[in-house]
Structure formats: structure tokens, C-alpha cells
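Q: Quick one: this structure, given as C-alpha cells, is what I'll be asking you about.
The values are calculated or read from the model by the stated rules, or taken from the named source; none is laboratory data. A quick note: this is a predicted structure, and the numbers were derived from the prediction, not measured. Cβ: placed from backbone, ideal geometry, glycine included. Neighbour counts: every protein chain shown.
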Amino acid sequence: MNVSPSAIAAHNDRLAAAHDRHFRFLADTLAEKGLDAGTLLDKINAFQIAIPSWALGTGGTRFGRFPTGGEPRTLEEKIDDVGLIHALNRSANSISLHIPWDIPRDVAAIKQRLAGHGLTIDSVNSNTFQDQKNQPHSYKFGSLCHTQAETRRQAVDHNVECVAYGKQLDAKVLTVWLADGSNFPGQHDFRRAYDRTQQSLIEIYEAMPSDWTMLVEYKPYEPNFYAMVIPDWGTSYALCQAVGQNAHVLVDLGHHLPNTNIEQIVARLLHFGRLGGFHFNGSMYGDDDLTTGSTKPFQLFLIFNELVSGMQDAAVQNPDIAWMIDASHNTKDPVEDLLQSCQNILTTYARALIVDRRKLAQAQEDNDAVAAEEVLRDAFFTDVRPLVAEAVRRAGGAIDPIGVFRADGLREKRIAERGRFAVATGL
Ligand code: PSV
Ligand code: MN
């Protein structure tokens with residue numbers, strides 16, 4: 001049901017003449033600026049994005065859900081869908097899992113399936129934002145922050161269990177996002193809720209193997225609308241510092257209030273050496289609703305500009321960052337949406353790579369705001385799509401991944417095999 005290398009090659013052949021022309025023109029333009037296309041291609045190829053298992057089905061709102069059909073019904077089928085994305089774009093070589101939605105039943109078979117697609121598991125995400133069937137203690141009033149010790153214990157144990165599942169599949173990252181918070185003034189003792197959360201995170205951290213990383217995500221609102229226990233990067237950062245050296249902040253692009261300067265947050269966390277993970281998505285009003293880069297491409301570019309600047313600066317002591325998508329697809333075909341997100345991420349990364357950092361530093365030194373902004377605009381307005389397409393093609397992927405997905409009827413094949421009403425586990 002997945003696409004064959006020969007089918008991809010046949011599609012590429014049809015696009016090759018025009019693509020080669022565009023790529024040669026871009027490579028020459030970049031060379032005039034002292035940039036080597038080969039080096040850029042290697043960097044783009046090395047950039048790999050984890051696909052969230054929960055984004056392969058159609059997302060819903062509290063009002064409704066309109067499934068695409070042929071959604072993956074099992075962990076195995078989710079792996080197949082990520083395998084398809086990776087075969088098409090060669091840029092999505094890992095998966096983030098959500099427990100208990102993705103508990104591996106037959107570990108050996110899952111590992112074999114992953115290997116068959118050239119995939120790994122990058123992160124396991126715990127879920128203490130929903131009550132599971134027959135769960136003794138409810139998370140209605142919080143999990144790691146709960147006033148009752150038994151509820152906190154249960155939530156800590158769940159996270160430790162997630163690590164155990166992750167170990168079976170060779171993952172090394174636990175991502176913690178807490179829905180904990182309060183909906184009304186006075187409901188929470190803010191200081192005590194924070195202390196209980198910190199203590200619970202320390203217990204989880206201490207149960208993790210020493211080569212594991214804990215990523216702590218923040219979110220300003222939802223599902224609690226008065227106060228979240230971890231609403232912002234500063235709270236995440238303070239908790240990570242208290243927890244241990246392998247605890248790092250995860251920045252989810254959708255978890256910011258309108259007009260937040262996310263690029264500055266990124267720079268700050270890189271500076272402190274605590275930026276551990278990224279959840280890519282697009283957001284207009286709240287959370288992870290839209291395709292990465294769909295509404296605010298310049299903001300995404302400014303974020304990548306800081307990321308690349310930090311990654312290229314020898315003075316920055318930051319761990320490797322886990323690049324992950326975290327999105328919900330209400331309208332588009334989930335696979336197409338994820339392919340679009342990957343393309344937008346790679347394109348924006350490529351634009352950040354071609355920023356003239358020497359010129360930018362000089363303009364900053366000279367307090368020349370116009371020159372500095374022009375350096376950024378020059379990179380942003382360069383059409384680097386042929387560079388990304390060439391990188392993907394050289395790695396065996398498709399020049400036009402969505403074109404192949406459509407032309408080969410890959411959704412229709414999924415519907416035929418899995419059914420029109422197949423439903424993926426998740427939100
Ligand atoms: C919460 O909004 C979040 O961003 C967290 O990362 C969750 O784990 C994920 O979405 C999926 O629900
Ligand atoms: Mn997230």
C-alpha cells in the first residue's frame with residue numbers, strides 16, 4: 001500500500017527537466033553569494049522531523065469530527081503511514097508516541113516494522129490529561145499537581161510506565177505536557193500546586209535512565225482557562241533547572257498568546273542551554289490547529305533564524321534539539337497536511353541557512369536597523385524550494401511528495417484496505 005521507489009522515480013522523471021533548470025539557477029545565485037549548494041543540501045538532508053502518531057487521523061473539535069477515511073487503526077498502521085511520509089520526503093525518520101494510545105503489544109514485530117521503513121521512535125508522550133477506563137483516581141483536578149498524594153502517585157507511575165514502553169522501543173525522550181491548572185480564582189494555591197508538580201517531576205526524572213531526556217512543555221491556556229500550572233517558558237525552565245541537567249524545555253509553536261515573540265524565547269532558551277524540543281504547528285487563535293508555516297511564514301523564518309544562529313555559534317552549549325510536529329488536522333487529509341508541514345519546515349530551515357550572518361552581525365554592531373532587516377528579508381524572499389526538492393530527490397524521495405500521494409491514489413488505497421470509517425486512536 002506504500003509507494004515504491006520506482007513509482008517515485010517515474011514521477012521525478014516527469015518533473016526533472018523543469019526542476020533541474022530551477023535548481024541550477026538557484027545554485028548559481030547562491031554561489032554568487034558565496035554559498036555552496038552541496039553543503040546546504042547535506043544540511044537539509046540531515047534535518048529529520050518526528051511525526052506524531054496522533055496526527056495521522058482526522059482531528060476534531062468539541063463540535064464535531066469529519067474523518068477523511070482510511071485512518072490508521074493500529075500502531076502498526078500508524079507506522080506504515082509515517083513510513084509513507086518518509087518514503088516520499090526522506091525527512092521524517094521518526095515517530096512520537098502517545099501512551100496509552102500507542103502501547104506496543106508485540107514489541108519485536110513493531111521494531112521490525114519500524115526498521116523496514118527506516119524509522120525510529122524519538123519520544124514517548126505521557127497522557128494525564130484524560131481519565132482512562134477503570135483508572136482509580138481522576139485527573140479532573142490535576143495530575144502531577146493534584147492535592148491528593150494517591151492521584152499524584154498514579155500520574156507519576158504512568159510517566160514511569162511510559163519510559164518503560166519507550167525503553168522497549170529504544171526511545172530516549174519522555175515528553176511531559178500537563179493539562180493541570182484551575183478554572184476559577186482561588187481554586188488553586190499557586191505556590192503549592194507548583195511545588196507538588198516539581199516534586200512529581202523529580203520523582204519521574206529519578207526513575208528515568210541517565211541517558212534519557214525529559215522535555216517539559218508549557219501552554220498558556222486550555223484545558224484550564226484561568227491558570228495553567230505550566231503556562232510559559234519561564235515556568236518550564238525553572239522546573240527543568242530544579243529537576244536535573246537532562247530536563248529541557250519543549251517549545252510548541254501553538255502554545256503562545258497572540259504576538260508573543262517566540263524567536264526571542266528560542267534565543268533565550270538556547271542561550272541558557274535548555275532548549276530540548278520543538279513541536280511545529282501553525283496557530284491563528286490557539287493551540288496546534290494549522291499546518292506549520294501556513295499563516296505566519298515570516299515568523300517561522302525568524303524562529304529558524306534564531307535556531308540556526310544558535311546552532312552555528314560555538315559559544316552556545318545546548319543539547320541536540322528534538323524536532324517534532326504536533327498538529328491536529330480538521331480539514332485537510334492528515335498525510336497531505338503533514339507533508340506540507342515538513343516541506344514548510346525544510347524550506348524555512350533552508351532560508352535560515354542562507355542568511356548572511358557576517359553582514360547581519362556587522363549591521364547589528366553598527367546599529368543599522370535597516371541593513372539588518374534587509375539581510376533577513378533577502379534570505380526570506382529567496383525561493384529555496386528547488387534546493388529542498390533536490391535534497392529530497394538525492395535522498396530517494398519525491399520532487400513533489402503531495403503530487404505523488406495524489407497521483408498514486410494513496411488515500412484511496414488506504415480507504416479500500418482500512419475502510420471509510422476507520423478511526424485512529426488519539427484526539
Ligand atoms: C497539548 O496541546 C499538546 O501540545 C501536547 O503536546 C500533547 O501531548 C499533544 O498536544 C497531543 O494532545
Ligand atoms: Mn505539543
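Q: So, in the range 248-264, exactly how many residues are more than 16 Å from ligand 1 (Cβ to nearest atom) and not polar (S, T, N, Q)?
A: 2
Results for (1) within 16 Å of ligand 2 (Cβ to nearest atom); (2) modelled with pLDDT of 95 or more; (3) over 27 Å from ASN89 (Cβ atoms), shown as yes or no for each residue.
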position	(1), (2), (3)
GLN112	no, yes, no
LYS140	no, yes, yes
VAL160	no, yes, yes
TYR165	no, yes, yes
VAL176	yes, yes, yes
GLY181	yes, yes, yes
GLY186	no, yes, yes
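Q: Is it the case that some residue within the range 171-187 is charged (D, E, K, R) and surrounded by fewer than 15 Cβ atoms within 10 Å (Cβ to Cβ)?
A: Looking through the range 171-187, none of the residues is charged (D, E, K, R) and surrounded by fewer than 15 Cβ atoms within 10 Å (Cβ to Cβ).
Q: Sticking with this structure for a sec: Please find, within the range 247-278, the residue that is surrounded by the fewest Cβ atoms within 10 Å (Cβ to Cβ) out of those that are within 14 Å of ligand 2 (Cβ to nearest atom) and more than 29 Å from GLN199 (Cβ to Cβ).
A: That would be ILE262.
Q: Another question about this same structure. Please work out which residue is surrounded by the most Cβ atoms within 10 Å (Cβ to Cβ), limiting yourself to the range 314-331 and to residues that are more than 18 Å from the chain's Cα centre (by Cα) and of a type outside the set (S, T, N, Q).
A: VAL316
Q: Output yes when any residue across the range 349-357 is over 26 Å from ASP211 (Cα atoms), touching a Gly at 6+ places or on another chain (Cβ under 8 Å) and buried (at least 23 other Cβ atoms within 10 Å of the Cβ), and no when none is.
A: No: zero hits.
Q: Test PHE47 against the criterion of being more than 23 Å from GLU390 (Cβ to Cβ), hydrophobic (A, V, I, L, M, F, W, C) and surrounded by fewer than 20 Cβ atoms within 10 Å (Cβ to Cβ), and give yes or no.
A: For PHE47, the condition - more than 23 Å from GLU390 (Cβ to Cβ), hydrophobic (A, V, I, L, M, F, W, C) and surrounded by fewer than 20 Cβ atoms within 10 Å (Cβ to Cβ) - is not met.
Q: Checking the condition farther than 29 Å from GLU222 by Cβ, crowded, with 23+ Cβ neighbours inside 10 Å and hydroxyl-bearing (Ser, Thr, Tyr), which residue from SER96, SER126, SER143, SER91 passes?
A: Just one listed residue meets the conditions, SER91.
Q: Pull out all pairs, ordered by first then second residue, where Cβ-Cβ is under 7 Å, the residues are six or more apart or on different chains, the first lies in the range 401-426 and is more than 16 Å from ligand 2 (Cβ to nearest atom), and the second is of a type in the set (Asp, Glu) and assigned to a loop (DSSP other than H, G, I, E, B).
A: Final answer for the pair search is ARG411/ASP333; ARG418/GLU71; ALA422/GLU71; VAL423/GLU71; ALA424/GLU71.
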